[in-house]
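First comes the structure, then the notes that go with it.
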Amino acid sequence: MNVDPTLERMARGNGLALCATGTWTARFAGELEQMVSDAERLRGSRPNISIDVSQVSRLDTFGAWLIERLRRSLTQGEAEPRIAGLSADYSSLVDEVRRVKAMPAADTATVTITGMLEQVGRTMAGIGGTIVGLIDMLGGVLAASARVMTHPRSLRLTSTVHHLEQVCWRAVPIVVLITFLIGCIISQQGIFHFRKFGADIFVVDMLGVLVLREIGVLLVAIMVAGRSGSAYTAELGSMKMREEIDALRTMGFDPIEVLILPRMLALIIALPILAFLGAMAALYGGGLVAWLYGGVEPEAFLLRLRDAISIDHFTVGIIKAPVMAAVIGIVACVEGLAVQGSAESLGQHTTSSVVKGIFFVIVMDGVFAIFFASIGM
Amino acid sequence: MAGEVQNAIIRVRDISVQFGSTKVLDGLNLDVKRGEILGFVGPSGAGKSVLTRTIIGLVPKVSGRIEVFGIDLDAASSSERRAVERRWGILFQQGALFSSLTVRQNIQFPVREYLNVTQRLLDEITFAKLGMVGLRPEVADRFPSELSGGMIKRVALARALALDPELVFLDEPTSGLDPIGAGDFDELVRTLQRTLGLTVFMVTHDLDSLYTACDRIAVLGNGKIIAAGSMADMQASQHPWLRAYFHGKRARAVMG
């Protein structure tokens, strides 16, 4: 059924006939294009060229277009090559492709110095935009929470509990496992190096301070940014893409109140709980390694821990948690609402939600460290 | 359903599809003849889209046999399947355009994958296809999110037709188009069927499309084909749903 296509040159009368035969379809598009390009060079060589398609067994858009392209390129002034032997079935197809006009070429971006500078400028302006966006969202969330406080019944309790399950309850196993392992590693490394000075027991001080003040909350915040911040961005982003957020707005609901506040609330409740559980798991892991690897008896470990650690260390860690949760939540929601129509944009904003979330968490941690040091906690 | 149809391009035998405990299709038989436009109707939720998706292999079936171009799709090797897939085009209900590609890239995507042609020919074919589906060349560099619903349908049809398939599946092609646009679309499908020798499997609710574009109509109900035949057969049928469908107020308005 498929016959290889050909385009033969035959002398006919005082002119030249280009005889097309075989199957002129997409399947042979590569060969057809080659033959047509060769034939196009005949332009101007002879006055009277015609194209004979009577032997073509099948024709589709590709074939019809290539015949049309040949006809166009062989046209000189008013002398247009005749297309002969076109069957009635295919004439409408050829008429169809005849209507195709010369087309604009695809835009190709060229790399220039000014273009690169422009890109740098836009990125800098984008950073400013990001900060304004975050402050804007913070304001929106605070306003919404003020409204909810004056009308407590408007709080979406079911939604909040649902998100709490997602970000807190379901995160417990992985958070506990990872912090447990980190506790083990800190303890092992501490004992290994402190032993050289005969200071094994100080590993308890280090573990206590590090876990309760810094690692516990910071590590958990980073995990939550990766786990729940990305989920928030993807959820809100795909809702934005499907115009669900516009639908909410037209029904008279405030998307911040309906979608974002429950998520923020869930995160702010979840992070201190997870940070606490994480700190306990890390201390447990550290204690276990100190006992099995360092020979520090559990009683001695606990006694030392009680001396080395004051409640301040624990308070410092826990105070940071809800603030970090708020930062993660706001970044995730801003990025979610910034998603445009395409799948690619959803991916970009989810990535930048996690990256910015972690960045701001670490910046906040630094700010807190300065603050607590200056008030002597 | 009538017995064997000679020269069937799609041959569906006894297929059943189940979601959980709900049977959506129950021993369904259907033939689509080469070169015809088959209109496929049925109540909302009857499983029209499910049948389409089963034939193209997106929904697993419990039992039965599907042949497309005479090839049993269950028995086909992956290269045979690819060869079949290259010969059909599918217009999804929501368009299913790739959102991160422009219109031009969307249409060129299948061509670029399957054929070895120059960028120049790719562009020319893209503009030919855009012209065929009635779109201006300016839309070529827009993204799907910047198009109207009707334009998305047209671009999706252009993509379905990109490789000049022998068989196209259209899932509600005219829903969401204005009546003039829908009429043009029917005319377009007719023209393409005539010029390219296309076989069209069209799921539709548009009575106008059924009257003007379709050669044959099949009706789905209770997981089976309850009737198949010409428009005259449908109108003569005594089946209650068919009577309500083809003799209802909207049908009378279309028939004038």
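All of the numbers you see were taken from the coordinates with simple rules; none came from a lab. Small disclaimer: the values here were computed from a predicted structure and weren't measured. Note that we place each Cβ from the backbone using ideal geometry, even for glycine, and neighbour counts take in every protein chain shown.
Numbers at a glance
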read-out: Anisotropy class of chain A from Cα gyration tensor, a/c 1.5 cut; value: prolate
read-out: Virtual paramagnetic centre 7 Å along Cα→Cβ of residue B:23, amide N under 18 Å, in the stretch B:31-51; value: B:46-48, B:50-51
read-out: Rounded to 10°, Cα long-axis angle of helix A:29-40 versus longest principal axis of chain A; value: 50
read-out: Relative contact order of chain A, defined on C-alpha pairs under 8 angstrom at six or more residues apart (%); value: 17
read-out: FRET efficiency for residue B:224 and residue B:178, using Cβ-Cβ distance with R0 set to 35 Å, rounded to 0.05; value: 0.55
read-out: Total charge dipole magnitude, chain B, about the Cα centre, Cβ charges on Lys, Arg, Asp, Glu only, Debye to nearest 20; value: 260
read-out: Selection from A:258, A:268, A:157 lying farthest towards where the dipole of chain A points positive, charges on Cβ; value: A:258
read-out: Dipole magnitude of the protein assembly as shown, debye to nearest 20 (Cβ charges: Lys/Arg +1, Asp/Glu -1, about Cα centre); value: 440
read-out: Tensor-based shape of chain B (alpha-carbon gyration tensor, a/c under 1.5 rounded, otherwise prolate or oblate); value: oblate
read-out: Euclidean distance of C-alpha centroids, the stretch A:184-227 and the stretch A:49-79, integer Å; value: 78
read-out: Test item: Cα-centred dipole of chain A, Lys/Arg +1 and Asp/Glu -1 on Cβ, debye; value: 200
read-out: The stretch B:198-256-the stretch A:124-148 distance, computed between alpha-carbon centres (Å); value: 55
read-out: Positive-pole candidate from A:61, A:24, A:49, dipole of the stretch A:6-98, charges at beta carbon; value: A:49
read-out: Cross-link partners of residue B:23 among lysines (Cα-Cα below 19 Å; sequence separation of 8 or more within a chain); value: B:48, B:61, B:224
read-out: Charge-dipole axis of the protein assembly as shown as Lys and Arg at +1 and Asp and Glu at -1 on Cβ define it, positive-most pick from A:318, B:225, B:17; value: B:225
read-out: Among A:95, A:307, A:200, residue whose mean-square fluctuation peaks in a GNM of chain A (springs only between Cα atoms under 10 Å); value: A:95
read-out: Euclidean distance between Cα centres, the stretch B:164-189 to the stretch B:6-76, Å; value: 21
read-out: Relative contact order %, the stretch A:149-374, counting alpha carbon pairs below 8 Å whose residues are six or more apart; value: 34
read-out: Relative contact order for the stretch A:132-231, counting Cα pairs under 8 Å that sit 6 or more residues apart, in percent; value: 23
read-out: Chain A - mean residue ellipticity at 222 nm from DSSP helices (-39,500 (n - 2.57) per run, n ≥ 4, rounded to 500); value: -22000 deg cm²/dmol
read-out: Cα gyration tensor, the stretch A:1-41 - rounded (a/c under 1.5), prolate or oblate; value: oblate
